[in-house]
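Each remark here refers to the structure printed beneath this line.
The values are calculated or read from the model by the stated rules, or taken from the named source; none is laboratory data. Just so it is clear, the structure is predicted and the values come from calculations on it, not from any experiment. Cβ sites come from the backbone with ideal geometry, for glycine too, and all protein chains shown count toward neighbours.
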Amino acid sequence: MKQDRTKRRPLLAHPSEIHSILFHLLVLGAYGAAFWLWEHPAVSGLDGVWDRAAFILGAALLLGWCSGVDLGVNFHDHAHRPVFTRSWMNRWFARTWGVAAGWPAYWWQYSHVVVHHGRLLGEDDWTLPRRRADGRFENLFRYSLLHYPWRYAVGMREEFGRAPARLRERLRREGLWFLFLFSLPLLYDWRMALGLWVLPAWLANAMVIGPGMVAQHAGRRAPDEQHELEHSTTFTSRLFNLAFFNIGYHVEHHTWPNIHWSELPKHHESIRGRLIDEGAHIVPFGYFRGGLLLSRADLGSKAAAEEFHAQHPGYRP
């Protein structure tokens, strides 16, 4: 009877996970298409140096953008609630997930769940920007350029030293799997890989994940008993959340991290009164507008800073 129940168990942990799987497979397919076009100049027309340089520039930006979303948003959800009901499938599928963005997937999961969620906005949450003397985050541009791989390498080295032996062994094992998978394009054609593999990985972190981390927590405070919902900003743009797995509902995600991404809008509406009463920061736009406002604020625009930190009209007490 036990075997029969196992056979009937659904493969996906949640029906909506089919969207996560398809998105990830499309990202891997985009890399495959870029590699193929590079290796077949007779078809792609990439005959000269300038043709190839232009192709690398355009493709790297697109691949980096997609990889940043695939890791920082799509895999982010898997890090909290695994996609599959079989642990071996989660383990092997995850190993293909972070590699395009230059990460051993479990390393990113560890830094996000253990460090960021576990130490949210505390002094030892090294995943976030450093603080200025006045308590504000450092310049968005500086953080985006320095957080990956430099600061994360230092942070993960420290985590290796403090992690229990069992976790340390898993971190080491997953790091070796990453080195194997990440090196394959470099071994095949290192020139192609530098432009269509290494560069997109860096762009994924500097262009997508870094600014996203700033937008989610800029101007907020570490949670405590009196301020449980002031650690993040929620972005209510319907179009943005539809396209990005509801990542904009960030107050809700950090406070109730086990709620599935597809159920966050409904949960948001169910606690609307509490969000208003406790002064949770809600804005009517998405990360793109938020990142633009924060970047302008870092360049000296007081109006941009005020617009970002202003409360959504529908959520004022």
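What to note about this one:
Residues checked against (1) in the same structural domain as Leu140 (by TED's automatic domain parsing); (2) closer than 21 Å to Ala59 by Cβ; (3) in contact with a Gly (Cβ under 8 Å, 6 or more places away or on another chain); (4) not aromatic (Phe, Trp, Tyr):
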site: Phe160; (1), (2), (3), (4): yes, no, no, no
site: Ser183; (1), (2), (3), (4): yes, yes, no, yes
site: Trp202; (1), (2), (3), (4): yes, yes, yes, no
site: Asn205; (1), (2), (3), (4): yes, yes, yes, yes
site: Phe240; (1), (2), (3), (4): no, no, yes, no
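- Every listed requirement among (1) surrounded by fewer than 17 Cβ atoms within 10 Å (Cβ to Cβ); (2) among the aliphatic types (A, V, I, L, M); (3) over 20 Å from Tyr106 (Cβ atoms) is met by Leu140 save one, (1).
- For the criterion of being part of a helix (DSSP H, G or I) and either within 20 Å of the chain's Cα centre (by Cα) or closer than 24 Å to Val73 by Cβ (or both), Pro265 passes.
- Boolean, Val99 is buried (at least 21 other Cβ atoms within 10 Å of the Cβ) and assigned by TED's automatic domain parsing to the domain that holds Gly161: yes
- Residue tally, condition in contact (Cβ under 8 Å) with a residue 40 or more places away in the chain and either surrounded by fewer than 16 Cβ atoms within 10 Å (Cβ to Cβ) or in a loop (DSSP other than H, G, I, E, B) (or both), over the stretch 242-262: 6
- Considering Gly135, Gly219, Gly195, Gly175, the condition of being over 18 Å from the mean Cα position of the chain (by Cα) and at pLDDT below 95 is satisfied by Gly135 alone.
- When residues in the stretch 263-285 are screened for being free of Cβ contacts under 8 Å to residues at least 40 places away in the same chain and touching a Ser or Thr at 6+ places or on another chain (Cβ under 8 Å), 1 of them pass.
- Within the stretch 200-217, the presence of a residue that is more than 21 Å from Ala304 (Cα to Cα), touching a strand residue (DSSP E or B) at 6+ places or on another chain (Cβ under 6 Å) and in contact (Cβ under 8 Å) with a residue 12 or more places away in the chain is excluded.
- All conditions in (1) crowded, with 19+ Cβ neighbours inside 10 Å; (2) modelled with pLDDT under 95 hold for Tyr110, with the sole exception of (2).
- In the set Gly279, Gly248, only one residue is in contact with a His (Cβ under 9 Å, 6 or more places away or on another chain), small (Gly, Ala, Ser), under 25 Å from Ser295 (Cα atoms) and not assigned by TED's automatic domain parsing to the domain that holds Glu138; that residue is Gly279.
- Qualifying residue in the stretch 96-117 (condition: touching a strand residue (DSSP E or B) at 6+ places or on another chain (Cβ under 9 Å) and under 26 Å from Leu12 (Cβ atoms)): no
- Total residues in the stretch 303-317, condition of a type in the set (A, V, I, L, M, F, W, C) and either under 14 Å from Ile276 (Cα atoms) or over 25 Å from the mean Cα position of the chain (by Cα) (or both): 2
- Only one of the numbered conditions (1) touching a Leu at 6+ places or on another chain (Cβ under 8 Å); (2) farther than 20 Å from Leu120 by Cβ is violated by Pro313, and that is (1).
- Taking the stretch 1-84 as the region of interest, the helices (runs of 4 or more DSSP H) fully inside it that hold 1 or more residues being among the aromatic types (Phe, Trp, Tyr) are 17-39, 49-69.
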